[in-house]
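One structure is given here, and the rest of the page talks about it.
The values are calculated or read from the model by the stated rules, or taken from the named source; none is laboratory data. Treat the numbers as computed from the prediction; the structure is a model and nothing was measured. Heads up, the Cβs are rebuilt from the backbone with ideal geometry, glycines too, and the neighbour counts pull from every protein chain shown. Quick note on the areas: whole protein, heavy atoms, side chains included, nothing else; ligands and nucleic acids left out. Shrake-Rupley method; radii C 1.70, N 1.55, O 1.52, S 1.80 Å.
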Amino acid sequence: MQNRSGSASIAGDERSSRVAFTVNGDRRELTLDNRTTLLDTLREHLGLIGAKKGCDHGQCGSCTVLLEGRRVKSCLIFAVTLDDCSITTVEGLAGPDRLSPLQEAFVAQDAFQCGYCTPGQLCSARGVLDELAEGWPSAVTEDLTGVVRPTDAEIRERMAGNLCRCGAYPHIVAAIRETAGER
Amino acid sequence: MREFRYRRPTDVDEAVALLDADPDAAYLAGGTNLVDLMKLGVQRPDLLVDVNRLPLGGVEPLPEGGLRVGATVRNSELAAHPVVRRDYPVLARALLAAASGQVRNMATTAGNLLQRTRCFYFQDTGKACNKRDPGSGCAARHGQNRELAILDWSEECVATHPSDLAVALAALDAVVEVAEPEGTRDVPFVELHRSPGEHPERETTLRRGALITAVRIPPLPAARRSAYLKVRDRASFAFAVGSVAAVLDLDGDVVRDVRLAYGAVAHRPWRAYRAEAELRGRPFTPELAGQAADAELAAARPLRHNGFKVPLIRAVTVRALTELAESRR
Ligand SMILES: Cc1cc2nc3c(=O)[nH]c(=O)nc-3n(C[C@H](O)[C@H](O)[C@H](O)COP(=O)(O)OP(=O)(O)OC[C@H]3O[C@@H](n4cnc5c(N)ncnc54)[C@H](O)[C@@H]3O)c2cc1C
Ligand code: SF4
Ligand code: FES
Ligand code: FES
C-alpha cells in the first residue's frame, strides 16, 4: 500500500499515539496522528483557537504558548511528544472573572490593532516576565553577570520572536514594561 | 508530511538500537529544525525517536574545571547558567544572539549542532541540491548565494553551517560525547563537521544513528574575556551573515593565547588557526588583528554574490579582538 507521498505506509496502529496532558489546568486525553502539531491539536481538536497559525514554521510567534511555564512555538512541536506535560494557552492566562494584569495592560496601552498576533504576544510576554524575574540575560544585556532590568531595549530584544503586521510594537513594549514594573 | 512511527525511549542504548535498526529513523529533540524540514518535505523519516526523556539533561561542572553540558539542555537554559555567563561569555553571547526566546526554550545543545543549512535551495524540494538529493546538482553555485560560503566549498555544495553555538564551541575546543552501537567515544568539536567535498549529504563525521549525549567544555581561564560578534540583516531574530567568536589572552601587550572561529563562512564552523598563529607571541595591535584575518582569508574564494563577506569578516575580527584587548586595560 502506498500513501500520498509514494512511500510504503505505516500500519494504522503505529501512525497515531495516545497522549495525555494538561491544558489550562484541564486534563486532556487524545489519540492523535503522530504528525499533529500542538498548534493543530489546540485549534482543531480542543477548540482552543487563541493560538494562531501565522507561518507554521517558527518564524512569526503567533502560535506561542507556555509549556511547563516556558514560552514555545506550538507549530514546531508534535503533540504526541507531550505526554504528562502542562500547557497554558492565551485562554488560560486570565483568572475566572478578570483579566490578568498583563492583559489589562495590553488593553490600557492599546497594544493591538487587528489582534491576530495578540494571543502569541501575550503568551510570549508572560514568558518574558518570568525570564526577567529569574534574571535570564538577553543579547542586549551589557553585564552578563549583573542584574537584569526590564528596559525597553531588553523587552524589544526578548519579544523579537513575535511579529506584528499592524506594527503595534511601541504599545506592546509599554504594556510589558508597565506589567514588569508592578511586580 | 510522510507518516511516521513514534518512540520515546528512556535509556540511551534503547535509543541507539532503535536508530540502528531503521535506516529511515531520526532522533527528535526540540524539533525546531527537524519538524520544519519534515513539513517542507526535505526530511522524511518513517520513525521518530524522541530523545527528550533520555537522561541527558543538566549542566555539571567537571572535576578538572570546565563544564559538561547534556545533549538535551535547552539553549536558553545554557545561556542563563551562572558559570557560562561568568566563565564563557563567548558561549552565552553566541546562544543569546541566535533565534528567538521561544526557539531557544525548545532548541537543544545537540540539535543545534546538527541543524541543517539554511541554503534556500536545500529547503525547496523543487530545486537541484546535492545535499538533499545527491547527484542532482547545486542550484546555489551560480544562483542566490549571498548568504553562502567563502571558504572550503566545493563545486558540489557551497552551503554554510548556520549555528551560532557551534562557532563558540569550535573556539573553545569542546569535545562531543557520542553513543554508538559499538559503545561511546569522544569527538573533538573541530572534527565533528565535514567539508562538503564530493559528498555534501554527509555533514558530520558521526556514523548514522550516533547519538550525541553531551558536550564537554574544557577549562579556559582566558575565556572570561571572550566575545561573539554576529552580523545579520536585522538587529535580532536572524541567522548570521558572518560571525566571529574570539578569546584573547594578553600578557601585558603580548598575545599569550588566542582562539578565533568564524560562522556563516563555510560548511563547518570555521576555526581560524592561521589567524591565531599570526597573533600568538606578538604585541597586540588592531593592525596585527587585520593581518591575522588576512592570513586566514587568503584562502577565501567568494561566490558571485558574497564577495562582501571577506572584508566583513576581516572588520569583525579586528573589532572583536580590539574590544577584548581594550577591555583588559
Ligand atoms: C525561526 C528560527 C530562527 C532561528 N535562528 C537561529 C539563529 O539565528 N542561530 C542559530 O544558531 N540557530 C537558529 N535557529 C536554529 C535553531 O537553533 C535550531 O533549529 C535548533 O538549535 C535545533 O535544535 P533542536 O533541539 O530543535 O533540534 P531538532 O530539530 O530536534 O533536531 C535537529 C537535528 O539534530 C538531530 N538530533 C537532535 N538531537 C540529537 C542527538 N542528541 N544526537 C544526535 N542527533 C540529534 C535530529 O535528528 C535532527 O537531524 C533558528 C530556528 C528557527 C526555527
Ligand atoms: S549549496 Fe549545498 S545545500 Fe545549497 S543547493 Fe547547493 S548542494 Fe544544496
Ligand atoms: S505559526 Fe508558529 S511561529 Fe508562526
Ligand atoms: S495587532 Fe494586528 S498583527 Fe499585531
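Residue-by-condition table, conditions (1) of a type in the set (Ser, Thr, Tyr); (2) within 14 Å of chain B (Cβ to nearest Cβ); (3) within 16 Å of ligand 4 (Cβ to nearest atom):
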{"position": "A:Leu42", "(1), (2), (3)": "no, no, no"}
{"position": "A:Leu48", "(1), (2), (3)": "no, no, no"}
{"position": "A:Gly54", "(1), (2), (3)": "no, yes, yes"}
{"position": "A:Arg70", "(1), (2), (3)": "no, yes, no"}
{"position": "A:Ile77", "(1), (2), (3)": "no, yes, no"}
{"position": "A:Pro101", "(1), (2), (3)": "no, no, no"}
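If only residues of the range A:56-66 that are touching a Cys at 6+ places or on another chain (Cβ under 7 Å) and more than 8 Å from chain B (Cβ to nearest Cβ) are counted, the one that is farthest from A:Asp83 (Cα to Cα) is A:Ser62.
If you go through the range B:89-107 one residue at a time, do you hit one that is surrounded by fewer than 22 Cβ atoms within 10 Å (Cβ to Cβ) and in a loop (DSSP other than H, G, I, E, B)? For the range B:89-107, residues surrounded by fewer than 22 Cβ atoms within 10 Å (Cβ to Cβ) and in a loop (DSSP other than H, G, I, E, B): absent.
Of all residues in the range A:162-183, those that are within 14 Å of chain B (Cβ to nearest Cβ) and within 16 Å of ligand 3 (Cβ to nearest atom) have Cβ atoms under 7 Å from Cβ atoms of residues that are open to solvent by less than 10 Å² (accessible area, probe 1.4 Å) and hydrophobic (A, V, I, L, M, F, W, C), 6 or more apart or on another chain, in A:Cys164/A:Ile172. For the range A:57-64, the count of residues that are open to solvent by 30 Å² or more (accessible area, probe 1.4 Å) and more than 15 Å from the chain's Cα centre (by Cα) is zero.
Take A:Arg15 and decide whether it is among the charged types (D, E, K, R) and more than 12 Å from chain B (Cβ to nearest Cβ). Working first, answer last.
Values: among the charged types (D, E, K, R): yes; more than 12 Å from chain B (Cβ to nearest Cβ): no.
Taking the combined requirement at face value, the residue does not satisfy it.
Of all the residues that make up the range B:292-313, how many are surrounded by fewer than 22 Cβ atoms within 10 Å (Cβ to Cβ), part of a helix (DSSP H, G or I) and not acidic (Asp, Glu)?
Counting residues in the range B:292-313 that are surrounded by fewer than 22 Cβ atoms within 10 Å (Cβ to Cβ), part of a helix (DSSP H, G or I) and not acidic (Asp, Glu) gives 4.
Under the condition of being within 14 Å of chain A (Cβ to nearest Cβ) and either more than 18 Å from B:Asp36 (Cβ to Cβ) or within 16 Å of ligand 1 (Cβ to nearest atom) (or both), the residues counted in the range B:117-147 number 3. Has the range B:155-176 got any residue that is touching a strand residue (DSSP E or B) at 6+ places or on another chain (Cβ under 9 Å), farther than 26 Å from B:Ala94 by Cα and near ligand 2 (Cβ under 8 Å from one of its atoms)? For the range B:155-176, residues touching a strand residue (DSSP E or B) at 6+ places or on another chain (Cβ under 9 Å), farther than 26 Å from B:Ala94 by Cα and near ligand 2 (Cβ under 8 Å from one of its atoms): present. Restricting the first member to the range A:57-75 and to residues that are outside the structural domain of A:Leu129 (by TED's automatic domain parsing), and the second to residues that are within 16 Å of ligand 2 (Cβ to nearest atom), the beta-carbon pairs closer than 7 Å and six or more apart or on different chains are A:His57/B:Asp36; A:Gly58/B:Asp36.
Residue count for the range B:113-129 satisfying the condition of being under 30 Å from B:Leu211 (Cα atoms) and open to solvent by 20 Å² or more (accessible area, probe 1.4 Å): 10. For the range B:52-60, the criterion of being farther than 30 Å from B:Gln123 by Cβ, free of Cβ contacts under 8 Å to residues at least 60 places away in the same chain, more than 12 Å from chain A (Cβ to nearest Cβ) and in a strand (DSSP E or B) is met by at least one residue.
If you check B:Glu64, B:Glu14 for being acidic (Asp, Glu) and either within 12 Å of another protein chain (Cβ to nearest Cβ) or outside any helix (DSSP H, G or I) (or both), only one passes: B:Glu64. Within the range B:173-188, can you find the residues that are within 15 Å of the chain's Cα centre (by Cα) and surrounded by fewer than 24 Cβ atoms within 10 Å (Cβ to Cβ)? Once the filter is applied, which keeps residues that are within 15 Å of the chain's Cα centre (by Cα) and surrounded by fewer than 24 Cβ atoms within 10 Å (Cβ to Cβ), the range B:173-188 yields B:Asp173, B:Val175, B:Val187, B:Pro188.
Restricting B:Leu40, B:Leu18, B:Leu48 to residues that are touching a residue at least 60 places away in the same chain (Cβ under 8 Å) and either charged (D, E, K, R) or on the phi < 0 side of the Ramachandran plot (or both) narrows the list to B:Leu40.
None of B:Asp233, B:Asp257 is acidic (Asp, Glu), at pLDDT 95 or above and assigned to a strand (DSSP E or B) except B:Asp257.
Here is a list of conditions, (1) among the hydrophobic types (A, V, I, L, M, F, W, C); (2) over 21 Å from the mean Cα position of the chain (by Cα); (3) open to solvent by 10 Å² or more (accessible area, probe 1.4 Å), and B:Leu220 meets all of them except one; can you say which number that is? Status for B:Leu220: all satisfied but (2). The residues of the range B:209-226 that are under 20 Å from B:Ala277 (Cβ atoms) and part of a strand (DSSP E or B) amount to a single one, B:Ser226.
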